[in-house]
Each structure stands twice: as C-alpha cells, then as structure tokens.
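Written out below as structure tokens is the structure these notes cover.
The values are calculated or read from the model by the stated rules, or taken from the named source; none is laboratory data. It should be emphasised that the depicted structure is a prediction, and the values quoted were computed from it without experimental measurement. So basically every Cβ, Gly included, is an ideal-geometry build from the backbone, and we count neighbours across all protein chains shown. The area values use the complete protein model at the heavy-atom level, side chains included, leaving out ligands, DNA and RNA. Shrake-Rupley method; radii C 1.70, N 1.55, O 1.52, S 1.80 Å.
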Amino acid sequence: HGASLLKESVVLKLNGGLGTGMGLDFAKSLLKVKGNDTFLDLTAKQVISMRKAYKQNVRFVLMNSFSTSSDTMEFLQKYPDIVSDPDLEFVQNKVPKL
C-alpha cells in the first residue's frame with residue numbers, strides 16, 4: 001500500500017517567513033544552504049525525486065505569505081514540472097480559515 005498512498009498525500013511546506021531577522025529581504029527558503037542550492041531547491045528536488053522513484057504525481061503545496069509569494073514563484077520557474085501546478089500555493093490570510 002505504501003507507494004499507492006502517495007496519490008492521496010501532499011507535501012506541504014510552510015514558506016511564509018521573510019528572513020528579516022537575519023538581515024534578508026526575501027523568503028528564508030531562498031537562502032543558499034548547500035553549494036548553490038537553497039532550502040527550496042532541496043525541497044523541489046526531493047519532490048521530483050519522489051515522483052520519479054514512485055511513478056506517482058506527489059502533490060506539492062506551498063503555504064506562502066504576501067511577502068514571500070512572488071519571489072518564491074519566480075524562483076521555482078526553473079522547475080517547470082513543479083511550477084506548472086495551478087494548486088502549487090495558497091497565500092496565508094487569502095483563503096478561508098478551516
């Protein structure tokens with residue numbers, strides 16, 4: 001059952017924080033952490049790897065803030081399979097609370 005459950009699962013990443021406390025003016029997930037890779041690169045590569053390994057469209061959703069949405073979506077353009085999903089993000093305080 002393991003891999004078959006992936007089609008019912010979502011990789012959800014909280015991506016709403018700016019790095020202002022660290023002197024940044026962009027999302028903390030865009031900070032380089034390994035070579036030229038950012039936190040967001042590593043996450044995107046993990047999702048792509050899972051999709052290939054399990055031959056499932058593992059869904060990936062970002063919870064962005066007004067401050068992180070545009071930088072993040074622009075950054076992800078280099079991952080066409082990720083950024084092409086119309087449900088890739090939702091912006092905090094723009095969707096009804098559950």
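Details
- Cα lying deepest toward the dipole's positive end in the chain, options Phe75, Asn57, Pro86, charges on Cβ: Asn57
- Long-range amide H partners of Val11 with built H, under 5 Å: Arg59, Phe60, Val61
- The relative contact order of the chain comes to 32 percent, based on Cα pairs under 8 Å that sit 6 or more residues apart.
- DSSP finds beta bridges in the chain, and of those with both partners inside it, around 25 percent are antiparallel.
- Placing +1 on the Cβ of every Lys and Arg and -1 on the Cβ of every Asp and Glu, with nothing else charged, gives the chain a dipole about its Cα centre of roughly 320 debye.
- Rolling a 1.4 Å probe across the protein heavy atoms gives the chain an accessible surface of 67 Å² per residue.
- Taking 0.36 nm per residue of sequence separation and removing the Cα-Cα distance, the Tyr79/Asn36 pair yields an extension gain of 14.0 nm.
- Kirkwood-Stokes translational diffusion coefficient of the chain, alpha-carbon pairs, 37 °C, 0.692 mPa s, µm²/s: 230 µm²/s
- Efficiency of FRET between Asp25 and Lys52 - r from beta-carbon atoms, R0 22 angstrom, step 0.05: 0.05
- C-alpha long axis of helix 39-54 to longest principal axis of the chain, angle in °: 10 degrees
- Accessible area of the chain belonging to carbon and sulfur atoms, whole % at 1.4 Å probe: 55 percent
- Where labels lie 7 Å past Cα in the beta-carbon direction, separation of Met63 and Asn93 in nm: 1.5 nm
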